Structure formats: structure tokens, C-alpha cells
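Derivation of every value follows stated rules applied to the coordinates shown; laboratory data play no part. Remember, predicted model here, so these are calculated numbers, not experimental data. Virtual Cβ from ideal backbone geometry, glycine too; neighbours counted across all protein chains shown.
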Amino acid sequence: MENLHNLEAISLSGNQFSGLIPPEIGKLPILYQVYMENNSLSGNVPSSFGNLSRLTDLHLEDNNLEGTIPSTLSQCTNLVNLTLGGNNFTGVISPELIRLSSSYVHLDLSRNHLTGFLPMEVGQLINLEHFDVSGNLLSGEIPPSLGSCKTIQHLYLQENFFQGTIPSDLSSLGGIETLSLVCNNLSRTIPKFLENFTFLQSLNLSYNNLEGAVPIEGLFQNATATSIQGNTKLCGGIPEFQLPKCEFRHSNKPRLNLTLKLEDPSSDSEKFPKVSYQSLLKATDGFSSANLIGMGSFGSVYKGLRDQGETTIAIKVLNLTRHGASKSFIAECEALKNIRHRNLVKVVYACSGFDYRGFDFKALVY
């Protein structure tokens, strides 16, 4: 290697090279590209690679490399493309590997034996477009910080042991084209924000523990591009999914179900009869845009049907992400409790509880 100090790139891809990667490669001062994928290389990635300050591309996928991924790679602050998939790497993904090198555009750690949690520091990869950690032994929850990677186009988290919900923070990934979460332990409902991903071309949520109603807008209208099989508690969706119809609980009386107790009995529980979130969901056909009749400072108003379709109602749903919305709800309950006027519509029910995602939900029914 003594005579190779002017070497800028190494390309040895797709051969039958075996043995160890020479650590002397880490002493080449202006080396910026290393392509050694699709060989039979073994052993560890030399820690000396951390000395390659100009390195932009390191491709070592599909070899027999082992050990932990050296955190010294974080010193390669110009590293844009790092692909280590299809090896025998073990251990955890070091936060330093991500935190100190935020220039990644393409990061592939798939098909290894990596364990532990996906570091929260992944949210610092603000240039990331392709992220693949599929086929490992990762566990814990999907870090909400992934929502900060707004440039992501392809996200592969499948075939791990991720659990919990699909984070609402991922709603910010508006440019995503591929999202694969197949074969994990994810639970709760499918978030409706996935309907709004206009660039999404492939969505795979199969073989998790998801439940509840399947969204019907966006890519969920395409059964070829969307896979949800293996989630035995899902219902609804387009006919092509061949899922059972969703059944919403209701009382035997011809009116909305009044089963949900309000959270704060000291504030609004005594003001109006209570109504359940599920009943409002059913009355408005899932709060569909077709039933949206207005929007205000603190919420949206939907039309719905009461008494088995005999009476039209207006349902004001508070946007609790707006500052002051909760206080507005309580103030409106307080004011309308006692006021009667021919030009004011009457409040017939109030709802204060949780929606299908477990988020706070407040609404008034006129």
C-alpha cells in the first residue's frame, strides 16, 4: 500500500475474493470510494477505516463480514453511502455511528444479526433518502425521531421485532415512496395519515398485530400496492382486501350509543348527555371528507345522521393540537349549558375521550 497514496477509488465488486480486508486501506489519505461488495470477505471491518476523512462511498454488502460495526466509521464525516447488508454483523447499532456522521443519504444495514433498539439519533440524518435495517433482530418501538428525516423516500424496517404503534411523527414523511413494516409486532390501528402520502407506491404492513378499520383513501384503494394480510383483527377497507365488515357497538334504541364516560367530571360531565367516539365515527362514515361542512379556529364540523338516519346532526370535532382548544371546549359547554335562543342550535351530546389511535378526542353534537 506504500505506493498507493494517490489512490482515490477501489473497485473489487462481484469477484471471489476471500480473507480479511487489509487494514492498510485505512491509511490511504485521499481514498473516497471503496466497492468490495459481492465477494467472500470475512473478519471485521478494520477500525482504521475511520481515518478515511474523504470517504463518501463504502460498499461491503453480501460478504461474510462479522463482529460489530465499528463506531470509528462515524469519523468519516463525508460518508454518503454506507451499505453493509447481507453479512454477519452482530451487536447494537451504535448511536455514534449515526450521531457523528449525519451526511448519510443511503444507509443499508439489512440482513445481519443486529440487536437492541434503533437509536433515537436516527432523526439527525436529515439528508437520508434510503434507510434499510430489515432482516435483523431489532426490538423496541420505532423511534418517533424518524419523522425528522423528511427526505426519506424508501424505508425498510421489516422482519424485526419492533412493537408498539406506528408513530404519528412519521406523518411528516410526505415524500416517501416505499414503506415496509412487514413481520414485526406492531399493534393498534393503521394510522390514517398514511392515506395522505401522495408519492407512496408500495406499502407493506403484513403480519403484525394491527387491528380496527382499514383506511380507504390514498394507496389503500390499491390492493396490489398495499399489503395488510396476516393482521387478523383488521376490518373494512376496499372489497379486494376480503376483510370482514367493521361492527360498531350501538344500543338497541334508535339513537347514538351513550356509553362513554367523560374524563373530567368536574368540568363537563354534568353538562350534556355523553356519546361515544365509536358512535360519532359511525354517524359520520369515519369522519369522511364528504361529510365535512366547515372548519373553524379550533376544529372541524361534520354532518351526520342520528336516530337511524332520521335526523341530521352537526358534529364539531376539536383540534386539540391547537393551543387553547381544550379550554374552548369547556367554555363552550359552560356557555351553551344554560343559553337558549331561537337562533342558536341546541347541543344534544358531548364526547370527551380517546380516538382509535388513543389520542385525546373532544366533540360537541348539535
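Decide, for region 9-241, between rounded, prolate and oblate: order the square roots of the alpha carbon gyration tensor eigenvalues as a ≥ b ≥ c, take rounded if a/c falls under 1.5, and otherwise choose prolate if a/b is larger than b/c, else oblate. Here region 9-241 falls in the prolate category. Less than 5 angstrom separates the built amide H of Ile190 from those of Glu211, all sequence-distant by 5 or more or on a different chain. The amide H of Ile93, built 1.01 Å from its N in the peptide plane, has Thr115 as neighbours under 5 Å, considering only residues 5 or more places off or on other chains.
Cβ crowding within 10 Å ranks Val301, Val182 as Val301, Val182, fewest other Cβ atoms first. Exposure proxy ranking for Glu24, Glu129, based on other Cβ atoms within 10 angstrom of each Cβ and starting from the fewest, stands as Glu24, Glu129. At an R0 of 45 angstrom, the distance between the Cβ atoms of Ser11 and Ser171 translates into a FRET efficiency of 0.65. For region 37-77, the residues whose backbone nitrogen is under 12 Å from a point 7 Å from the Cα of Ser103, taken along Cα to Cβ, are 52-58, 74-77.
Sorting Cys76, Cys183, Cys351 from the fewest to the most surrounding beta carbons within 10 angstrom yields Cys183, Cys76, Cys351. Please label the shape of region 1-124 as rounded, prolate or oblate, based on the square roots a ≥ b ≥ c of the eigenvalues of the alpha-carbon gyration tensor (a/c under 1.5 means rounded; beyond that, a/b larger than b/c means prolate, else oblate). Because a/c hits 1.5 or more and a/b fails to exceed b/c, region 1-124 counts as oblate.
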